[in-house]
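The values are calculated or read from the model by the stated rules, or taken from the named source; none is laboratory data. It should be emphasised that the depicted structure is a prediction, and the values quoted were computed from it without experimental measurement. When we count neighbours, we look across all protein chains shown, and the Cβ atoms used for this are built from the backbone with ideal geometry, even at glycine. The area values use the complete protein model at the heavy-atom level, side chains included, leaving out ligands, DNA and RNA. Shrake-Rupley method; radii C 1.70, N 1.55, O 1.52, S 1.80 Å.
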Amino acid sequence: MNETVAEGLFYLTAAAYVAASVLFLRFLVRGKGDVGLLGPRLVGAGAALHAAHIVVASLVLRVCPVEGIHFPMSVASMSMAVAYVLARKRLKIEVAGAFIAPLALTSLLASRFVGGGAEPSARVKSAILPFHVTTNLFGVALFTLAFSAATLYLIQEHLLKKKQIDGVFRRLPPLDVLDRAEHRFLLAGFPLLTIGIVTGTLWARHVELGAPSEVLRSIFGYVTWLVIAAVLFMRAAVGWRGRRAAYGTIAGFGFAVAVLMLYLLRSPSPPVTAQLHQAGPTSSSSSSSGHGRAPEILP
Amino acid sequence: MTLPVVVIGLSHKTAPVEVRERFASSSELLPEILARLTAREEIDEVMFLSTCNRVEVIGLPKSGTSHEAAAQLASTAIREALRDHIGARNIDELRAYLYERTGEDAVRHVFRVAASLDSMVLGEPQILGQVKDAFDAAVASGALRSHLARCVSRAFTVAKRVRTETQLGAGTVSISSVAVDLAKRIFGDLGDRTVLLVGAGEMAEAAAKSLGQQAKAIRICNRSFERAASLAAHFNATAAPIEQLESELVQSDVVVASTSSKSFVITRDLVKRVMKQRKGRTLFFIDIAVPRNVDPAIHEHIDNAYVYDVDDLQSEVAENMRSRKAEVAAAEKIVEAELGSWNQWARGLNVNPTIVALRAKTRGVLVAELERSLGSRLKHLGEADRAALAQMIESATNKLLHSPTTRLKQAAGASDGNDLVRAAQHLFDLPAAPAAQALPRAEPPAPGAPVPAPRESEERLPH
């Protein structure tokens with residue numbers, strides 16, 4: 001029964017994100033419709049359904065969504081949608097939903113195919129693990145928003161430099177609004193990333209990690225932190241704004257995604273939603289014992 | 001046939017700003033240009049109009065064998081004067097940018113320009129003021145005296161009718177207000193932004209009006225500090241001398257440039273220095289001056305700095321204009337109605353010399369016969385009788401010529417009016433007088449003075 005509910009919530013979430021994406025893209029491309037109210041509300045509804053799906057699915061699988069990384073992409077994209085809904089009015093980036101809704105949808109669908117639901121093994125279990133995962137996922141969610149704002153900024157900036165100020169230019173948020181939003185999301189995400197890096201470093205000392213992919217992931221994690229720190233520092237110190245800041249943000253986000261991908265793609269366990277079909281009273285124990293390799297940390 | 005008015009010019013519709021600015025002229029240079037034009041023997045009256053969106057010479061040819069030939073000669077003379085004005089060897093290279101209207105088309109064009117129907121921002125009010133300034137300058141220099149002055153004056157009436165009888169000028173849309181709208185598209189809200197107006201002329205004033213209370217602060221930087229201070233006092237802004245331009249740019253976010261400078265006031269090197277001090281904060285220049293005030297290379301080569309000139313505002317304007325399209329048809333109707341009245345009056349100018357000649361000849365014959373009789377058979381008549389006879393001849397002349405005069409005037413408005421005029425000239429052996437030859441010269445009115453009243457040989461403007 002619960003599996004059916006989780007599946008139903010999954011499809012409802014996908015439907016809400018699809019509807020929001022269509023609405024936003026229709027507005028952007030053809031200038032039709034008013035996304036002012038309905039678009040963000042659909043993303044909000046999608047985020048609520050998404051959260052419900054994660055809760056129900058984690059109950060079915062008897063795993064904590066943030067202990068380990070059972071729902072990494074799902075939790076990150078849901079957090080991103082929530083952050084967008086909360087920040088859109090204050091930062092005046094309603095139309096950024098045109099980027100957020102398809103991203104959330106893609107992440108949701110991808111969670112069916114990548115990422116694993118294996119329980120952390122005793123070797124890697126630690127009190128700081130949920131804290132580490134949570135901060136990293138929320139950080140990634142905020143960086144995704146920063147990345148969206150940076151990409152939209154580059155589009156707007158390109159149109160403005162090319163003097164093509166009708167059509168899409170009119171529908172996207174103003175240039176400076178996007179620059180400011182990108183900076184705010186980076187500022188909000190950076191402390192979370194820092195905590196994630198610190199807790200990851202502490203945790204890595206606790207657990208001996210030696211596989212090349214683990215080392216590479218750690219290196220990418222530190223590079224992500226350095227790039228984001230550099231973008232913020234250069235903005236404050238020498239006025240790196242606009243295009244340079246946008247490129248820096250996109251680069252930082254790229255490294256963060258690489259870290260996530262390195263983890264997800266190496267996971268031998270089946271995706272969370274795939275496991276829902278097999279879930280039963282012993283699913284938790286079977287998943288933890290059924291996969292020889294425990295999930296690792298997001299550095 | 002109407003007056004052979006000739007209009008040669010270029011506008012935002014035919015030439016980009018980099019071409020228009022070569023032709024543009026400040027008010028200080030107008031007398032020199034007008035003197036160059038009036039020195040041409042092919043041109044009788046002339047006016048030079050230079051705005052940010054158009055440069056036009058409106059001329060009336062001197063007499064010629066025909067209107068067409070006179071207009072052709074005047075056209076060549078105007079083109080040569082324009083060539084000298086821009087210092088070009090050959091005007092042909094700019095032929096593609098120039099438009100030419102003659103006769104009725106030219107008058108219609110003048111009416112449409114004054115009524116802001118040919119403006120980039122339909123219905124914007126500044127154009128009428130600019131046409132009036134050009135008119136005053138031409139009258140002051142003696143370049144406008146009679147018929148062309150009347151034509152332009154008539155255009156003011158058309159513009160007034162369009163403004164009062166249609167909604168074309170409703171709202172506050174102008175180049176400046178459109179520029180402010182574009183600034184909002186870049187910054188979102190201007191409530192925490194500082195706007196710098198470089199220049200303190202009409203356009204700057206319009207920009208200040210458009211900004212109203214929207215900006216956090218308005219600063220005005222002008223070569224004449226007194227003028228800047230005066231405008232600043234009016235709009236609760238802060239004035240600064242032009243020497244402080246660099247520091248003003250550092251603290252501003254939107255810059256509206258509208259000085260009459262012939263060269264760039266804001267250069268690439270200046271903005272490079274400014275952007276360093278601004279730590280890369282976005283700086284948006286709206287250059288509504290022609291010639292341009294802001295080096296366009298800034299837009300290409302400096303990050304976070306954007307330069308838009310009047311031509312770049314066209315798509316923004318188009319968006320604003322959609323709601324006004326419905327009013328254009330109503331305004332065009334007014335223009336056509338006024339043009340019809342004007343044509344009737346102008347055609348009357350062709351008939352008047354014939355009517356005057358007919359009256360003079362009739363009266364002359366009768367008076368000569370009377371005087372001959374008074375010198376012989378009617379010698380005995382006293383003063384009272386002689387006066388009565390003179391009165392009788394005057395009355396007979398009027399009665400005799402009433403029908404021919406009326407018919408000729410009616411025919412003046414018709415396409416075959418010239419046939420009747422020629423017939424009258426032939427039947428009564430009157431001198432053939434082409435309209436262009438018949439155009440009388442008048443003494444120039446004082447600057448700003450109303451256009452002189454019609455002469456005896458002219459008909460009153462129909463209303």
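Of all residues in the stretch A:39-60, those that are touching a residue at least 24 places away in the same chain (Cβ under 8 Å) have Cβ atoms under 8 Å from Cβ atoms of residues that are of a type in the set (Asp, Glu) and part of a helix (DSSP H, G or I), 6 or more apart or on another chain, in A:Gly39/A:Glu94; A:Pro40/A:Glu94; A:Val60/A:Glu3. In the condition set (1) within 17 Å of B:Phe285 (Cβ to Cβ); (2) open to solvent by 30 Å² or more (accessible area, probe 1.4 Å), B:Phe235 is compliant with all but (1).
Screening the candidates B:Leu197, B:Leu182 for the property of being in the same structural domain as B:Glu243 (by TED's automatic domain parsing) and more than 23 Å from B:Ser50 (Cβ to Cβ) yields one hit, B:Leu182. Note on the stretch A:209-236: among residues that are farther than 24 Å from A:Pro174 by Cα, touching a helix residue (DSSP H, G or I) at 6+ places or on another chain (Cβ under 8 Å) and at pLDDT 90 or above, the one that is nearest to the other protein chains (Cβ to nearest Cβ) is A:Ala230.
Scanning for something more than 14 Å from chain A (Cβ to nearest Cβ) and either open to solvent by 70 Å² or more (accessible area, probe 1.4 Å) or under 16 Å from B:Ile218 (Cβ atoms) (or both), does the stretch B:179-187 turn up at least one residue?
Step one: filter the stretch B:179-187 for residues more than 14 Å from chain A (Cβ to nearest Cβ), giving none.
The answer is no; no qualifying residue exists.
Within the stretch B:307-319, the set of residues being in contact with a Pro (Cβ under 7 Å, 6 or more places away or on another chain) and without any contact (Cβ under 8 Å) to a residue 40 or more places away in the chain comprises just one member, B:Val307. Contact map, the stretch A:237-251: first residue facing chain B (nearest Cβ under 8 Å), second residue aromatic (Phe, Trp, Tyr) and part of a helix (DSSP H, G or I), Cβ cut-off under 8 Å, separation 6 or more or different chains; pairs are A:Gly242/A:Tyr153; A:Arg243/A:Tyr153.
Just to verify a result, which residue in the stretch B:120-142, among those that are assigned to a loop (DSSP other than H, G, I, E, B) and hydrophobic (A, V, I, L, M, F, W, C), is nearest to B:Ser177 (Cα to Cα)?
Of the residues in the stretch B:120-142, the ones assigned to a loop (DSSP other than H, G, I, E, B) are B:120-125, B:141-142.
Narrowing further to those that are hydrophobic (A, V, I, L, M, F, W, C): B:120-122.
Working: B:Met120: 13, B:Val121: 10, B:Leu122: 13 Å.
This residue is B:Val121.
Applying the set (1) closer than 24 Å to B:Pro431 by Cα; (2) within 14 Å of chain A (Cβ to nearest Cβ) to B:Ala357 leaves exactly one unmet item: (2).
For every residue, the table says whether it meets (1) touching a residue at least 24 places away in the same chain (Cβ under 8 Å); (2) of a type in the set (Asp, Glu); (3) crowded, with 22+ Cβ neighbours inside 10 Å.
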residue	(1), (2), (3)
B:His299	no, no, no
B:Ile302	yes, no, no
B:Ala305	yes, no, yes
B:Arg322	no, no, no
B:Ala331	yes, no, yes
B:Glu338	yes, yes, yes
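Considering only residues that are closer than 19 Å to B:Val110 by Cα and open to solvent by 20 Å² or more (accessible area, probe 1.4 Å), which ones fall in the stretch B:69-88? Matches in the stretch B:69-88: B:Gln72, B:Arg79. The lone criterion from (1) touching a helix residue (DSSP H, G or I) at 6+ places or on another chain (Cβ under 8 Å); (2) open to solvent by 70 Å² or more (accessible area, probe 1.4 Å) left unmet by B:Arg227 is number (1).
Out of all the residues in the stretch B:297-308, which are of a type outside the set (Gly, Ala, Ser), more than 9 Å from every other protein chain (Cβ to nearest Cβ) and in contact with a Phe, Trp or Tyr (Cβ under 9 Å, 6 or more places away or on another chain)? Step through it out loud before you land on a result.
Taking the stretch B:297-308 as the starting set, the residues that turn out to be of a type outside the set (Gly, Ala, Ser) are B:298-304, B:306-308.
When the remaining residues are screened for being more than 9 Å from every other protein chain (Cβ to nearest Cβ), the result is B:298, B:301-302, B:307.
Selection gives B:Ile298, B:Val307.
Going residue by residue through the stretch B:245-256, is there one that turns out to be in contact with an Asp or Glu (Cβ under 6 Å, 6 or more places away or on another chain) and either within 14 Å of chain A (Cβ to nearest Cβ) or not in a loop (DSSP other than H, G, I, E, B) (or both)? No - not one qualifying residue is present in the stretch B:245-256.
Cβ-Cβ distances below 6 Å connect the following pairs, each with a first residue in the stretch A:190-215 that is of a type in the set (S, T, N, Q), a second residue that is modelled with pLDDT under 90 and assigned to a loop (DSSP other than H, G, I, E, B), and a separation of six or more residues or different chains: A:Thr199/A:Ile128. Only residues that are in a helix (DSSP H, G or I) and surrounded by fewer than 19 Cβ atoms within 10 Å (Cβ to Cβ) were counted in the stretch B:269-283, giving 6. The set of residues in the stretch A:94-108 being closer than 9 Å to A:Ala20 by Cβ and touching a His at 6+ places or on another chain (Cβ under 9 Å) consists of A:Ala104 alone.
Selection of the stretch B:193-221 for residues being crowded, with 24+ Cβ neighbours inside 10 Å and outside any helix (DSSP H, G or I) yields B:Val195, B:Leu196, B:Leu197, B:Val198, B:Gly199, B:Ala200, B:Ala215, B:Ile218, B:Ile220, B:Cys221. Picking from residues in the stretch A:160-184 that are β-branched (Val, Ile, Thr) and more than 24 Å from the chain's Cα centre (by Cα), the one that is nearest to the other protein chains (Cβ to nearest Cβ) is A:Ile165. Taking the criterion of being open to solvent by less than 10 Å² (accessible area, probe 1.4 Å) and either part of a helix (DSSP H, G or I) or within 14 Å of chain A (Cβ to nearest Cβ) (or both), the residues of the stretch B:143-174 that qualify are B:His147, B:Leu148, B:Ala149, B:Cys151, B:Val152, B:Arg154, B:Ala155, B:Val158, B:Ala159, B:Val162. Counting the residues of the stretch A:136-159 that are open to solvent by 10 Å² or more (accessible area, probe 1.4 Å) and within 13 Å of chain B (Cβ to nearest Cβ) gives 3.
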